[in-house]
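Asker: A single structure is presented below for examination.
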Amino acid sequence: MVDVPPLVVARALPDQVPENAPAHCPGTESDLAGKASACAGCANQDACQSAPKGPDPDLPLIRTRMASVRCKILVLSGKGGVGKSTFTAQLAWAFASDMHTQTGVMDIDVCGPSIPTILGLKDQYIHQSAAGWTPVYVADNLACMSIEFLLPHANAAVVWRGPKKNGLIKQFLKDVDWTGGMADELGADAPKPAVDYLLVDTPPGTSDEHLAVVGCLRESGIDGAVLITTPQEVSLQDVRKEISFCRKMQVPILGVVENMAGFVCPSCHARSDIFYPSTGGARALCEELGLVFLGSVPLDPRIARSCDVGESFVDAYPDSPASEAYTHIIAQIKRLVRKTDTA
Ligand code: SF4
């Protein structure tokens with residue numbers, strides 16, 4: 001296993017975990033800083049104990065940065081392997097198909113970033129300018145930020161505990177210039193939205209990354225979360241936890257997408273249920289919990305192929321049943337987001 005190389009640590013190490021901190025450092029901004037059992041013997045203990053604790057000084061900076069983003073959407077799943085990143089990429093391409101809109105994709109799956117490959121951005125690196133980190137562009141109006149752009153090669157494993165992951169996410173929110181240089185022109189006093197949609201692709205579950213992004217965006221506002229699941233009960237059980245997380249954290253849920261819902265043979269168009277919806281699938285879950293069921297996307301082996309080569313499945317196979325499903329779901333999300341935007 002390859003640890004994060006020194007170059008990455010130097011660029012992305014969060015402020016609240018000093019480089020000389022022990023492995024279980026609670027973070028210098030934590031109320032436990034200097035007092036936790038991990039702090040015993042740490043060279044920073046005196047400084048951490050006496051450092052002032054209070055509102056996070058980064059939050060106003062994040063608020064200023066996010067003022068240039070009109071709509072922020074989280075893409076969540078309870079379980080891994082349900083097609084969350086694939087859906088995020090399709091949603092991004094769909095938003096970006098309107099050349100008058102600007103879309104950003106922020107990949108906060110720190111330990112397993114897959115968005116760069118799906119968007120066709122392998123072996124890309126970010127640049128730094130006076131305005132911050134410049135994301136990597138898929139097209140003129142579609143940008144992406146991921147930890148993969150900070151790694152020396154795509155196979156390098158990121159072995160980070162919670163506070164370091166939190167710090168990186170904070171840096172993404174604080175330092176990435178999603179406006180592609182327009183932020184300077186807008187001015188700090190009267191920032192007007194320059195990015196229409198920011199899609200945040202999260203890792204599965206409800207962990208450090210989710211808490212970090214929700215906490216950092218609380219003041220800026222999250223327009224909603226799209227939850228991805230597969231039809232079988234074992235996946236629905238985990239999505240229930242995700243729903244509970246959103247409700248606890250007061251993140252509005254735009255709706256639930258059922259992915260891999262049946263297999264449609266590309267030759268004969270016959271359908272079979274590979275992940276059998278033994279308890280009624282996502283539709284029944286939405287009815288039970290009063291959520292919007294956004295739709296079902298059938299399995300299609302060409303989706304995986306499109307992800308591997310970094311192309312938009314909907315653009316490549318517009319007539320497939322899966323593309324029709326994606327298009328229908330994305331249209332609903334656009335409508336829902338417009339409603340929250342004008343509410
Ligand atoms: S004293 Fe505790 S909080 Fe401070 S750097 Fe050391 S381990 Fe982290």
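Asker: Restricting the stretch 196-211 to residues that are at negative phi and at pLDDT below 90, which is surrounded by the most Cβ atoms within 10 Å (Cβ to Cβ)?
Answerer: Glu209
Asker: How many of the residues making up the stretch 47-76 are assigned to a loop (DSSP other than H, G, I, E, B) and touching a strand residue (DSSP E or B) at 6+ places or on another chain (Cβ under 9 Å)?
Answerer: Total meeting the criteria: 1.
Asker: Only residues that are more than 7 Å from the ligand (Cβ to nearest atom) and part of a helix (DSSP H, G or I): list them for the stretch 31-46, please.
Answerer: Selection gives Ser37, Asp46.
Asker: Could you list, in sequence order, all residues of the stretch 109-121 that are in contact with a helix residue (DSSP H, G or I) (Cβ under 6 Å, 6 or more places away or on another chain) and open to solvent by 10 Å² or more (accessible area, probe 1.4 Å)?
Answerer: Once the filter is applied, which keeps residues that are in contact with a helix residue (DSSP H, G or I) (Cβ under 6 Å, 6 or more places away or on another chain) and open to solvent by 10 Å² or more (accessible area, probe 1.4 Å), the stretch 109-121 yields Pro113, Ser114, Ile118.
Asker: For the stretch 275-343, give me every one of the helices (runs of 4 or more DSSP H) that falls completely inside it and has 3 or more residues that are exposed (fewer than 15 other Cβ atoms within 10 Å of the Cβ).
Answerer: Output list reads 281-289, 301-309, 321-342.
Asker: Could you say which residue among Asp58, Asp31, Asp98 is among the acidic types (Asp, Glu), on the phi < 0 side of the Ramachandran plot and modelled with pLDDT under 85?
Answerer: Selected residue: Asp31, the only one of Asp58, Asp31, Asp98 that is among the acidic types (Asp, Glu), on the phi < 0 side of the Ramachandran plot and modelled with pLDDT under 85.
Asker: Turning to a different aspect of this structure: May I ask you to say which residue of Ile222, Ile243, Ile253 is touching a Cys at 6+ places or on another chain (Cβ under 9 Å) and either surrounded by fewer than 15 Cβ atoms within 10 Å (Cβ to Cβ) or modelled with pLDDT of 90 or more (or both)?
Answerer: Ile253
Asker: Can you find a residue that is modelled with pLDDT under 90 and within 24 Å of Glu324 (Cβ to Cβ) anywhere in the stretch 104-123?
Answerer: No, every residue in the stretch 104-123 fails to be modelled with pLDDT under 90 and within 24 Å of Glu324 (Cβ to Cβ).
The values are calculated or read from the model by the stated rules, or taken from the named source; none is laboratory data. Predicted, not measured: the structure shown is a model, and the values here were computed from it. Cβ: placed from backbone, ideal geometry, glycine included. Neighbour counts: every protein chain shown. Ligands, DNA and RNA are excluded from the accessible area calculation, which covers all protein heavy atoms including side chains. Shrake-Rupley method; radii C 1.70, N 1.55, O 1.52, S 1.80 Å.
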